[in-house]
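One structure below.
Values quoted throughout were computed directly from the atomic coordinates according to the rules given, and no laboratory measurement underlies them. Please read all numbers here as calculations on a predicted model, not as lab measurements. Counting neighbours? That spans all protein chains shown, and the Cβs are built from the backbone with ideal geometry, glycine included.
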Amino acid sequence: MANPLIAIVGRPNVGKSTFFNKVAGRRISIVEDTPGVTRDRIYTDVEWQGRKLTLIDTGGIDIHSDDVFLRQMRQQAQIAIETADVICFFTDGRTGLTDEDRDVANLLRRSKKPVILVVNKIDHISQNDQMYEFYELGLGEPMAISAANMMGLGDLLQAVCDLLPPQDEDSEEENHVMQLAVVGRPNVGKSSLTNRLLGQERSMVSDIAGTTRDAIDTLLVGPDGNRYNIIDTAGIRRKSQVEDESLEKYSVLRAIAAIQRCDVALLLIDARDGVTEQDTKIAGIIHDEGRAAVIVVNKWDAIEKETNTMETFRKEVYDALKFMDYVPVIFLSAKTGQRVNTVLSTCDQVWAQWSKRIPTGVLNDVLADATADVQPPAQNGRRLKIFYVTQQSVCPPTFVFFVNDEKLMHFAYKRYLENYFRKTFDFSGTPLRFVIRERTKE
Ligand code: GDP
Ligand code: GDP
C-alpha cells in the first residue's frame, strides 16, 4: 500500500517549507548536476505514531514562473485536491487573513476533501488571539502552530492521521485469489492446459456449445500456497454442434466476458499457426480492458526446432502484437507438460507489476530525469511542461500527469515516457494508463 498523501497548501512565506523541513528533520533540497540548478525536493516520507505519510509541499511545485500569483495558488490547491488524502492549508498568524487565503479556502471547502486549517507563526500562547479571524474561512477550528519553534507539529500530524481511514492490515493481500482467465481460439489447448494446471482431468460439464454458461471456474492452490480462480472459457465446447466459423466468433465473446472478470489473462497461441488475426483481436481486448497478461505459446512439442526457434518466435509475437510488447511469452506443451510449471509463477510476477504502486516522490524524480534526457516537445514556440505526476490507481497502474497544455503531449512523447517508466520500474505484463490533465487554464 502506498502512503497517504498529505498536501501542504498556502501562500508563499506562510512557512510551508519551514514546516516541511522541520518535520522531515533535515534540510532537503538537492543540487542537480547542472550547475546553478537547485531542485527542491518537494516530497518527504514521515512517520507519526507508526503511520507512514508522504508530505508534498505544493508551494514547491513550479507551476509557471510567469503566472500571476493567485492563479498559481489555485493550481497548487487544485493539484492537492485531486491527489491528496488530506490537505493542510497553511496561513500566517502574523500577517493575518488575506484575500488570497479566502480564495483558496473557497476552493478547498468546495472540494469536500479533508482540510486542516493551520495558522502558523503563533510562536507564543500570548498570540493565540490572532487565530480567531481564521474561523471566518469556514474550514473548522484552526490549529495554531509555530513551525520555526516546532510547536504544535505533533498535534498537527495527529490531526492528519485522525482524518485518514484506518490503516488496513495485510489481510487483503493474504486472502487474495487471483482471477486467471485462460483465453484463446478454439483448439489452442485451453482445456489441456487448465487440466495440466489442475493436475487432473476434470469432468466436462456440458457437451453442448452455446450453453448459457460462459466459463467454468475452478479454484487452484499453487505450489507456493497462492490461490487462483481459473476461468476456463473452453469448458463448454463440442465442435460437432457448431460450425467452425461461428465457434471462433463465439469464442471471442466468451473471451471478453472472461477477460472482464480476470486479473491476469493467459492468452494461448498455437505454435503451429503463429499469431493469427483472432489472437490479435483477443490480445487487443486484454490490453484495452487493462488486464495483466501472459502469452503462452502452446504445442511447442509439435514444432521442429533449430537453434534460435524460440527467440525468432518470440520476436514474431512482439511484431504481431506491437501494442503488447511488455508481455512475457512462455513456450510450453500442455500435452507433455513441458514448462507448464512456469505458468503460475509468471502469472504471479505480472500480477505484482499490475498492482504495483510507485511512491510519488520517486515518480517525479524519474520524470525529471526523463524530461532532462529528452526535452518535451514544443509547438508554435510553446513547450510542453509537465508539472507533476502521481499514480492515481493500480490494476492497471494509472498515472496522472499535470501539464500546461494537453495538446502538446504528443503520442510519441507519451510513448517515450511510458518506455522510460518501464525501463525504470519494469511493469512487465501490465498495460499502463496515462491520464493527461491541463493545469494552466481555470
Ligand atoms: P513558504 O514560502 O510558505 O514555504 O515559507 P517559508 O517556510 O519559506 O517561511 C517564510 C518565512 O517565515 C521565513 O523567513 C521563515 O523563517 C518564517 N517562518 C516560518 N515559520 C515561522 C514561525 O513559526 N514563526 C515565525 N516567527 N516565522 C516563521
Ligand atoms: P481448447 O479448445 O483450446 O480447449 O483446446 P484443447 O485443450 O481441447 O486442445 C485441442 C487439441 O489440441 C486437442 O486435440 C489436444 O490434444 C491438442 N493439444 C493441446 N495441447 C497440446 C500440446 O501442447 N501439444 C500438442 N501436440 N497438442 C496439444
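Figures for the structure shown
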| quantity | calculated |
| --- | --- |
| Sorted peptide list for 289-296, 220-227, criterion being average Cβ within 10 angstrom, highest first | 289-296, 220-227 |
| Under Karplus coefficients 6.51, -1.76 and 1.60, residue-wise ³J(HN,Hα) of region 284-289 in Hz, glycine/proline x | x, 5, 4, 4, 5, 7 |
| Amide H within-cut-off set for Val403, under 5 Å, with H built and near neighbours excluded | Phe387, Arg437, Glu438, Arg439 |
| Length gained when the stretch Glu82-Gln260 is fully extended (0.36 nm per residue, less Cα-Cα span) | 61.3 nm |
| Residue-wise HN-Hα coupling along region 426-438, computed from phi with Karplus coefficients 6.51, -1.76, 1.60 (Hz; x: Gly, Pro) | 6, 6, 5, x, 10, x, 10, 10, 10, 10, 10, 10, 8 |
| 24 Å Cα-Cα reach of Lys112 towards lysines, excluding residues that sit fewer than 8 places from it in its own chain | Lys16, Lys52, Lys441 |
| Rounded to 5, percent antiparallel among DSSP beta bridges of region 349-442 | 55 percent |
| Placed amide H near Val327: partners under 5 Å, 5+ positions off or other chain | Gly429 |
| In Hz, Karplus ³J(HN,Hα) per residue of region 348-354 (6.51, -1.76, 1.60; θ = phi - 60°; x = Gly, Pro) | 4, 5, 5, 5, 4, 5, 5 |
| For Gln392, distant residues with modelled amide H under 5 Å away | Thr398, Phe399, Val400 |
| Lysines with Cα under 30 Å of Lys190, excluding same-chain neighbours fewer than 8 positions away | Lys239, Lys249, Lys281, Lys299, Lys305, Lys315, Lys322, Lys335, Lys356 |
| Cα-based convex hull volume of region 397-442 per residue, rounded to whole Å³ | 68 Å³ |
| Residue-span extension gain [Asp369 to Arg110] - 0.36 nm each, minus C-alpha spacing | 89.7 nm |
